[in-house]
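Chemist: One structure, pasted below without further comment.
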Amino acid sequence: MKAICNGKLILHDRVETGKAVLFEDKIIGIVPVEKVPKDAEQIDADGAWVTPGLFDVHIHGSGGCDTMDGTEEALHTIASTVVKNGVTRFLATSVTMPLEKTAEVFDTVRKTVGKTGKDWNAAVIEGINMEGPFIHPAYKGAHEENYIADFDFDFMKRYSDVIRVVTVAPDKEGGMEFIRRVTGETPIKVSIGHTNATYEQAMQAIENGATQITHLYNAMTPMHHRKPGVVTAALSSDVYTEMICDTIHVHPAMFQFVMNCKSKDRFVLITDCMRAGGMPQGEYTLGELKVIVDSDSARLTDGTLAGSILTLNRAIANVKKYTNQPIWEIVNAATLNPARAMGMEDRIGSLRSGCNADFAVFDEDFQTIMTIVDGEVVYQR
């Protein structure tokens, strides 16, 4: 048995001090420090924040590698890089490529899904976030237009054991039927994104089963008082809403605005990080597209934002800086809320008995001190 002591425990609705978390590969419970068993291996948090492990449901790559590289080595590099940011679980996120290539990548990801911290000393890949090719060319963002494809339900069924969520432009021909079939016949979630949909079409997609919005504000019809767009549908419904809080994709004034509009358990922080995460400035790729990375952003040669180099702990720090939300609500957006969005809250996302023993220990600025996956220390500063 192990115990994290002397930390500020961020629970889903409060901060606790003077308590310790007991765990093995699962969380046993939270007890007063004086009740920690004498034979427990104690980890001294030294007054730092202790949170559930972070869960990034939208990340393409990091550490110089990308999901679409299609190798187990690349996936392990991503998984072993993100633990430095407190991330203990993530969805390997694809980008628009020919479906034959995408299938090869998904076959590889399938081999790695569920490997534990002990298995490969890194974050756990919980499945795939399929972003593209079922998107609208008018809002393609950093996706290769030539590879945008018609809806293919057979492909979804083939990989329904590993795809957790798929981005869909519901305004494309056949979009509503595709959403109904995916959500009705598979366990896959549907997220509205990269779309030219009207407000009415977005609301119809939600009625048909869509439960999420892909990176709010980016690659979708904006809010306008005569044409409300997808943004208004996102803010006026109970769908889970991703946001890239790097202060570049979205102005920081919008952080508080969105949290005021949404139920706090429907706000989800993501990174949308590409392979340049944690790497020097320079030239990289996203799919087959060249990306120029500077000190704070990643862009195509025409200036289009191409994912990000954001880390999830930095996203928490940014929202903390620019909003007046309690710290537990902000942390929930990177832990419990994405777990709920994916239907995994019974085992990850909170410091609760029976959940996987995934923890992140942060200093006051939310720089990572330690990351624990399935009870094993996989990163220590």
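Chemist: Which ones in region 297-353 are of a type in the set (S, T, Y), in a loop (DSSP other than H, G, I, E, B) and more than 18 Å from I372 (Cβ to Cβ)?
Modeler: Those that are of a type in the set (S, T, Y), in a loop (DSSP other than H, G, I, E, B) and more than 18 Å from I372 (Cβ to Cβ): S297, T301, T304, T323.
Chemist: While we're here: Search region 327-381 for residues being at positive phi and under 17 Å from the mean Cα position of the chain (by Cα), and hand back the single one that is surrounded by the most Cβ atoms within 10 Å (Cβ to Cβ).
Modeler: Quick first cut of region 327-381, residues at positive phi only: 343, 349, 354, 366, 374-375.
The next check asks that each one be under 17 Å from the mean Cα position of the chain (by Cα); those that pass are 343, 349.
Working: G343: 11, G349: 27.
Top of the filtered list is G349.
Chemist: Is it fair to say K140 is touching a residue at least 60 places away in the same chain (Cβ under 8 Å) and under 22 Å from D56 (Cβ atoms)?
Modeler: no
Chemist: Quick one: in region 54-71, which of the residues that are in contact with a strand residue (DSSP E or B) (Cβ under 9 Å, 6 or more places away or on another chain) and of a type in the set (A, V, I, L, M, F, W, C) is farthest from N121 (Cα to Cα)?
Modeler: Among those that are in contact with a strand residue (DSSP E or B) (Cβ under 9 Å, 6 or more places away or on another chain) and of a type in the set (A, V, I, L, M, F, W, C), it is M68.
Chemist: Applying the selection to region 180-197, what residues are closer than 13 Å to Q212 by Cβ and either surrounded by fewer than 24 Cβ atoms within 10 Å (Cβ to Cβ) or among the acidic types (D, E) (or both)?
Modeler: Selection gives T183, I188, K189.
Chemist: Then there is this: Note down all Cβ pairs under 9 Å where the first residue falls in region 16-39 and is surrounded by fewer than 18 Cβ atoms within 10 Å (Cβ to Cβ), the second is among the aromatic types (F, W, Y), and they're at least six residues apart or on different chains.
Modeler: Listed pairs, sorted by first residue: G29/F23.
Chemist: From the list S263, S297, pick out the single residue that is of a type in the set (S, T, N, Q), without any contact (Cβ under 8 Å) to a residue 40 or more places away in the chain and more than 16 Å from R89 (Cα to Cα).
Modeler: S263
Chemist: Condition first: assigned to a loop (DSSP other than H, G, I, E, B) and either buried (at least 23 other Cβ atoms within 10 Å of the Cβ) or in contact with a Pro (Cβ under 9 Å, 6 or more places away or on another chain) (or both). Now tell me which residues in region 263-273 satisfy that.
Modeler: Across region 263-273, the qualifying residues are T271, D272.
Chemist: All but one of (1) farther than 25 Å from F106 by Cα; (2) within 19 Å of the chain's Cα centre (by Cα); (3) among the aliphatic types (A, V, I, L, M); (4) part of a loop (DSSP other than H, G, I, E, B) hold for A210; state the number of the condition that does not hold.
Modeler: Unmet for A210, out of (1) farther than 25 Å from F106 by Cα; (2) within 19 Å of the chain's Cα centre (by Cα); (3) among the aliphatic types (A, V, I, L, M); (4) part of a loop (DSSP other than H, G, I, E, B): (1).
Chemist: Related question: Give region 72-95 a look and list any residue that's assigned to a loop (DSSP other than H, G, I, E, B) and farther than 16 Å from A122 by Cα, or say none.
Modeler: S94, V95
Chemist: Would you check which residues across region 287-310 are over 24 Å from M254 (Cα atoms), out of contact with any Phe, Trp or Tyr (no Cβ under 9 Å at 6 or more places or on another chain) and at pLDDT below 90 and list them? Break it down into steps so the answer makes sense when it comes.
Modeler: Initial filter on region 287-310 (over 24 Å from M254 (Cα atoms)): 287-293, 300-302.
Now restrict to residues that are out of contact with any Phe, Trp or Tyr (no Cβ under 9 Å at 6 or more places or on another chain): 289, 300-302.
Correct list: L289 only.
Chemist: What number of residues in region 106-131 are surrounded by 24 or more Cβ atoms within 10 Å (Cβ to Cβ) and modelled with pLDDT under 95?
Modeler: 1
Chemist: May I pose another question? Answer with yes or no whether P252 is surrounded by fewer than 17 Cβ atoms within 10 Å (Cβ to Cβ) and touching a Phe, Trp or Tyr at 6+ places or on another chain (Cβ under 9 Å).
Modeler: Yes; evaluated as a whole, the condition is true for this residue.
Chemist: Residue under question is E242, and the condition is that it be touching a residue at least 12 places away in the same chain (Cβ under 8 Å), surrounded by fewer than 19 Cβ atoms within 10 Å (Cβ to Cβ), within 21 Å of M130 (Cα to Cα) and not polar (S, T, N, Q); does it hold?
Modeler: No; evaluated as a whole, the condition is false for this residue.
Chemist: Being closer than 27 Å to L99 by Cβ and aliphatic (A, V, I, L, M) is the filter; apply it to region 298-312 and report the residue that is nearest to the chain's Cα centre (by Cα).
Modeler: A306
Chemist: For region 278-297, check the following and say yes or no: at least one residue is surrounded by fewer than 19 Cβ atoms within 10 Å (Cβ to Cβ), within 25 Å of G349 (Cα to Cα) and under 18 Å from the mean Cα position of the chain (by Cα).
Modeler: Among the residues of region 278-297, at least one is surrounded by fewer than 19 Cβ atoms within 10 Å (Cβ to Cβ), within 25 Å of G349 (Cα to Cα) and under 18 Å from the mean Cα position of the chain (by Cα), which makes the answer yes.
Chemist: If a residue has to be buried (at least 21 other Cβ atoms within 10 Å of the Cβ) and in a strand (DSSP E or B) to count, how many in region 4-15 make the cut?
Modeler: Within region 4-15, residues that are buried (at least 21 other Cβ atoms within 10 Å of the Cβ) and in a strand (DSSP E or B) number 3.
Chemist: Can you name every residue in region 77-105 that is surrounded by fewer than 23 Cβ atoms within 10 Å (Cβ to Cβ), in contact (Cβ under 8 Å) with a residue 40 or more places away in the chain and either on the phi > 0 side of the Ramachandran plot or over 17 Å from the mean Cα position of the chain (by Cα) (or both)?
Modeler: M97, P98, L99, A103 - these are the residues of region 77-105 that are surrounded by fewer than 23 Cβ atoms within 10 Å (Cβ to Cβ), in contact (Cβ under 8 Å) with a residue 40 or more places away in the chain and either on the phi > 0 side of the Ramachandran plot or over 17 Å from the mean Cα position of the chain (by Cα) (or both).
Chemist: On to the next question. Go through region 313-369 and give me each residue that's without any contact (Cβ under 8 Å) to a residue 40 or more places away in the chain and among the hydroxyl-bearing types (S, T, Y).
Modeler: none
The values are calculated or read from the model by the stated rules, or taken from the named source; none is laboratory data. Keep in mind it's a predicted model, so treat the numbers as computed, not measured. A quick note on method: Cβ atoms are made from the backbone with ideal geometry, for glycine too, and the neighbour counts reach across all protein chains shown.
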